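*Asks:* Dropping the structure in here first, questions after.
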Amino acid sequence: MTAKPQTWHYGLVARWWAEFNVDGPEIAYFQNVIERHGQPALDVACGTGRLLLPYLRAGLDVDGCDISPDMLALCRERAAREGLAPRLFAQAMHALDPPRAYRTIYVCGSFGIGDDRALDMEALRAWHRALEPGGTLAFDHHLPYGNPAGWRYWPRGRRAELPAEWPSAGSRRRMADGDELEMRTRLAELDPLEQRATLQIRVTQWRDGQRVAEEEGSLRTGLYLRNEILMMLDAAGFRDVRVYGGYTENEATADDDTLVFLAGK
């Protein structure tokens, strides 16, 4: 039986994404990728439309898919308020079977989430199949050593301290309807041999100073380094792979903790 990705992108977490996760350097970067490598494009793990909606406003031909119906519903609501009607479909990354082929597929901040290496490999193969001949896959990946707070738990003695304590206070922000959401995260487990981390999230909803709802979720993530991803791309059939540092046109170096992979079909 195929494993199911474990994510936390539902309920209050989805609302947090829709309300507050709306900017970042990735937006301009991946728009440039689409404009250079061609349309139609597919936003894999599009969430609530952080990248998708700006591209639709710009007149680009972009579809979106996500494993979370909650995320997609919020994306549709946001789009409808602007008179936009994106083509969205609920599919896991590894089970991608879109209604058409794409010139560009991009994946922002989502490679390796749900942690199952076999599923990640299936996802790469599915993205390859969904591309037109000569198409381009683009995705970013945050290297595990880029997070000093998590990296320090890799030695055996430090892992005994997990799960980490919940922060005493989280990030608390007011939504458009006047309610507030507070988000806290912690590292629960780390397995360096399997290169797997489990994160936990707790989101609390406040109204007039009173807690009215609280939800917790877990997210398993695969801890990949550059060369392993390069081998996986090769095994999935991709060619002419380029690796850039951050959201730039510069070749990646050891000082970069975010990589962008561009791979051709």
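Rule-based calculations on the coordinates, nothing more; no lab input. Values in this document were obtained by computation on a predicted structure and should not be read as measured data. Heads up, the Cβs are rebuilt from the backbone with ideal geometry, glycines too, and the neighbour counts pull from every protein chain shown.
*Asks:* Amide H of Met175: which non-local residues (sequence gap of 5 or more, or other chain) have their own amide H closer than 5 Å, using H built in the peptide plane?
*Replies:* Sorted by chain and number, the residues that satisfy this are Glu180, Leu181.
*Asks:* Is the C-alpha gyration tensor of region 64-173 telling us rounded, prolate or oblate? Criteria: a/c under 1.5 is rounded; beyond that, a/b larger than b/c is prolate, otherwise oblate.
*Replies:* Since a/c reaches 1.5 but b/c is at least a/b, the shape of region 64-173 is classed as oblate.
*Asks:* Let me ask you something else. Report the Cα-based extents of region 147-221 along its three principal axes, largest first, to the nearest Å.
*Replies:* Per principal axis, max minus min of the Cα coordinates gives 45, 20, 18 Å.
*Asks:* Right, next: For region 64-79, what does the Karplus curve 6.51 cos²θ - 1.76 cosθ + 1.60, with θ = phi - 60°, yield as ³J(HN,Hα) per residue in whole Hz, taken in order and with x for Gly and Pro?
*Replies:* Once θ is set to phi - 60°, the couplings for region 64-79 become x, 9, 7, 6, 9, x, 4, 4, 5, 4, 5, 4, 4, 4, 4, 5 Hz.
*Asks:* Whole-Hz Karplus ³J(HN,Hα) for region 163-175, in order, using 6.51 cos²θ - 1.76 cosθ + 1.60 and θ = phi - 60°, x for Gly and Pro?
*Replies:* x, 5, 5, 5, x, 5, 9, x, 7, 10, 9, 8, 8
*Asks:* Would you mind checking which residues have amide H under 5 Å from Leu225's amide H? H placed 1.01 Å from N; only 5 or more apart, or other chain.
*Replies:* Distant-sequence amide H within range of Leu225: zero hits.
*Asks:* Rg/Rh for region 1-108 to two decimals, with Rh computed the Kirkwood way over all alpha-carbon pairs. If you can, show how the numbers build up before the last one.
*Replies:* On the way: Rg = 13.3 Å, Rh = 14.0 Å.
Reported Rg/Rh (Cα atoms, Kirkwood Rh): 0.95.
*Asks:* If you don't mind, there's one more thing I want to ask. What is the set of long-range amide H partners of Gly24 at a cut-off below 5 Å, with H atoms built 1.01 Å from backbone N?
*Replies:* none
*Asks:* Could you compute the net charge surrounding Ala263? Neighbours are other residues with a C-beta less than 10 Å from the C-beta of Ala263; K and R count +1, D and E count -1.
*Replies:* +1
*Asks:* From zero outward in steps of 5 Å, how is the percent of C-alpha pairs of the chain spread across the bins?
*Replies:* In order of increasing distance, the bins hold 1, 6, 12, 16, 18, 18, 14, 9, 4, 2, 0, 0 percent.
*Asks:* Follow-up. Using a 7 Å offset from the Cα along the Cα-to-Cβ direction at both Tyr10 and Ser168, what is the distance between the two label points in nm, to one decimal?
*Replies:* 3.4
*Asks:* So what's region 31-86 giving for Rg/Rh, alpha carbon basis, Kirkwood Rh from the mean inverse pair distance?
*Replies:* For region 31-86, the value is 0.96.
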